[in-house]
1. What number comes out for the charge environment of A105, summing +1 per Lys or Arg and -1 per Asp or Glu over other residues with Cβ under 15 Å away?
2. State the extension gain, in nm to one decimal, for the chain segment bounded by D59 and D29, taking 0.36 nm per residue of separation less the distance between their alpha-carbons.
3. Only helices at least 15 Å long along their own axis, judged from Cα atoms, and with Kyte-Doolittle mean hydropathy of 0.5 or greater: name those in the chain from DSSP H.
4. Run the reach check for K3 against lysines, Cα to Cα strictly under 21 Å, same-chain hits fewer than 8 apart removed. What comes back?
5. Per the Cauchy relation, a quarter of the hull surface: what is the mean projected area of the convex hull of the alpha carbons in the stretch 85-125, in nm²?
6. Would you tally the net charge around I36, using a Cβ to Cβ cut-off of less than 11 Å, leaving I36 out, and scoring K and R as +1, D and E as -1?
7. Semi-axes of the chain's equivalent ellipsoid from the Cα gyration tensor, sqrt of 5 times each eigenvalue, largest first, rounded to whole Å?
8. Please order I47, I66 by the number of other Cβ within 10 Å, starting at the fewest.
Amino acid sequence: MSKVDRRIIKSQEAIKKALIELMIEKKIDQITIQEISDRANVSRRTIYLHYIDKFDLLDKLMEEHIYELRKLCELAANNTVFYDTVLLWFEYFESHYLFFSTMLANQGGPFFHSRFLEFVLQELKNVENITEGNSQGLSDGDAEDVIIQFFGAAIVGVVEWWFKNGKPSPPHYMAQRVGALLERNL
């Protein structure tokens, strides 16, 4: 296993942070590599060494956070209480506030919303017996898809609301409320 140079990691973190900070100020289409370079205090060459362009940088940043959320779900996979998983998510959201608030409440919305929804839907598909007792009025073939879409959109909507309103409740409160809704309905 090769060790990654700490200077590379530090440069990449500065580049990612610079992009997010700039996305708070303007749309991704208006941001230049030079602006990212200046904000991150690295050369343009350093950026191009790691990323094809600003869209590749944004894509890799989104994938990095989705990957981390997926790892949290894997950690909680054997836990049958939704509260614990939802708490891990909201704590992660809070610890990466700049990224998620920018992606869900500011300029990054359209880019991240569909990726985040896709991730949530995939995780809901992993929940066993999701349609058990919840398919009233739906044919067997439609029940699971409708329930997954419904709860996926609801979860993403709650997370977006939380960021757009400046995190009005702490993670444990959100986990209690969202976890209770999921427990009751899934």
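None of the figures in this text is laboratory data; all of them are computed from the coordinates on show. Computed from a predicted structure; not experimentally measured. Every residue, glycine as well, gets a Cβ built from its backbone with ideal geometry; the counts of neighbours run over all protein chains shown.
1. Charge balance near A105 sits at -1.
2. 9.4 nm
3. Correct list, ordered by number: 140-164.
4. Here the lysines satisfying the reach criterion relative to K3 are K16, K60.
5. Mean shadow area of the hull around the Cα atoms is 2.9 nm².
6. Around I36, the surrounding residues sum to +1.
7. So the equivalent ellipsoid measures 35, 17, 16 Å along its semi-axes.
8. Details: I47 24, I66 16.
Fewest to most other Cβ atoms nearby, the residues stand as I66, I47.
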